[in-house]
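Step one of this worksheet: look at the structure below.
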Amino acid sequence: MYKVSYEGHGKKVLWQELWRHEFEDVLTRDPVVILPTGSVEQHGPHCPMDVDIAGPFYMAVAAAQRVDDFPVLVAPPIWSGFTHYNMGFPGTISLRLETYQALLADVLRSIYANGFPRIVVLNGHGGNTAPNWAVTTQVGEEDIFPITFSYWQAVREEMAAWSEADAGQIGHGGEWETSLQLYLRPHLIDRGRMVADVFPNPYSAALRSFAEYAERRRDTAGRTGVMGDPLVASAEKGERLFNAIVAKLVQLVTEMRRAPVRRYKEFGSHCP
């Protein structure tokens, strides 16, 4: 789906590019696997449809390339997500909730069955956040214990401090997603079509932190499909945020590799 350069790195990091003997070698060195999840959906008039999977994919690759002490592999991305509410604009591909969760669970089971117990699920689509957490909780009963998070959760303080317009929120095709794409793939951003918009919430400010409806067909005030202000986006902001996320990801896989592998019945169970 995306081109990855290995120039200057001297190692493969994409799961699908490895030969069998390379897998066998990697498994002897206590590796970590990063699984990107996202979506293909509308992101306003100025962004491509694959914003939510391109971001975590490139973040995962950059982190894997920066770790030299042990192998980090990037699994094939799960590009399709749970995003029916974006079907109000053309281009969106959505899975049913049960389909998406079954897909994610089976991919995690397969990675684990190949001998990789240390897994990070790096998500780039808001609609996958709750389903990902539910699935990773479910497969814990099978001794599979991924760490799962949406990339913006790792840099909340940084985004709040650096934001000019979107108050540190990831939004949708707004300040931060557009900045990331301007850094990663500027040729896919149409600056002439940028518009700012908001997601309407009828409740008072004191309630909005918890009183929210599920979205409906990209329910934005101006019907643009944008949540936030891409007009203040920049490649410089995108680079700064990208590097902050990758640094957190590198720290996470490093600490995960040092930690013992978790076992579901480690402390015993009265159940058969």
(request) Would you work out the relative contact order for region 189-272, in percent, from Cα pairs under 8 angstrom that are 6 or more residues apart? (result) 30 percent
(request) Could you grab the relative contact order for region 15-258? Cα pairs under 8 Å, six or more apart, rounded to a whole percent. (result) 24 percent
(message) Can you find, among Gly225, Leu252, Phe242, the residue sitting farthest towards the positive end of the charge dipole of region 219-272, where Lys and Arg contribute +1 and Asp and Glu -1 at Cβ?
(response) Leu252
(request) Quick one: P(r) of region 65-156 from all Cα-Cα pairs, 5 Å bins, percents rounded to integers, in order of increasing distance. (result) 2, 12, 22, 23, 19, 12, 6, 3, 1, 0
(message) Tell me the relative contact order for region 1-136 as a rounded percent, counting alpha carbon contacts under 8 Å between residues six or more apart.
(response) 32 percent
(request) Convert each backbone phi in region 163-168 into a coupling constant with the Karplus relation 6.51 cos²θ - 1.76 cosθ + 1.60 (shift: θ = phi - 60°), then list the ³J(HN,Hα) values in order as whole Hz, x for Gly and Pro. (result) 6, 9, 9, 9, 6, x
(request) Have a look at Leu188, Trp133, Gly168 and report the one farthest towards the positive end of the charge dipole of region 102-192, computed about the Cα centre with Cβ charges (Lys/Arg +1, Asp/Glu -1). (result) Leu188
(request) Output ³J(HN,Hα) for region 123-135: one whole-Hz value per residue in order, computed from phi by the Karplus curve 6.51 cos²θ - 1.76 cosθ + 1.60 with θ = phi - 60°, and x for Gly and Pro. (result) 9, x, 10, x, x, 8, 4, 5, x, 4, 5, 4, 5
(message) Projecting each Cα onto the charge dipole of region 15-258 (Lys/Arg +1, Asp/Glu -1 at the beta carbon, about the Cα centre), which of Val121, Trp15, Val40 comes out farthest on the positive side?
(response) Val40
(request) Report the antiparallel proportion of the DSSP beta bridges in the chain as a percent, rounded to a multiple of 5. (result) 15 percent
(message) Please list, short to long, the whole-number percent of alpha-carbon pairs of region 15-258 in consecutive 10 angstrom bins beginning at zero.
(response) 7, 31, 35, 20, 6, 1
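Each reported figure results from applying straightforward, stated rules to the coordinates on display, with no laboratory input. Everything numeric in this text was worked out from a predicted model, so none of it was measured. Cβ sites come from the backbone with ideal geometry, for glycine too, and all protein chains shown count toward neighbours.
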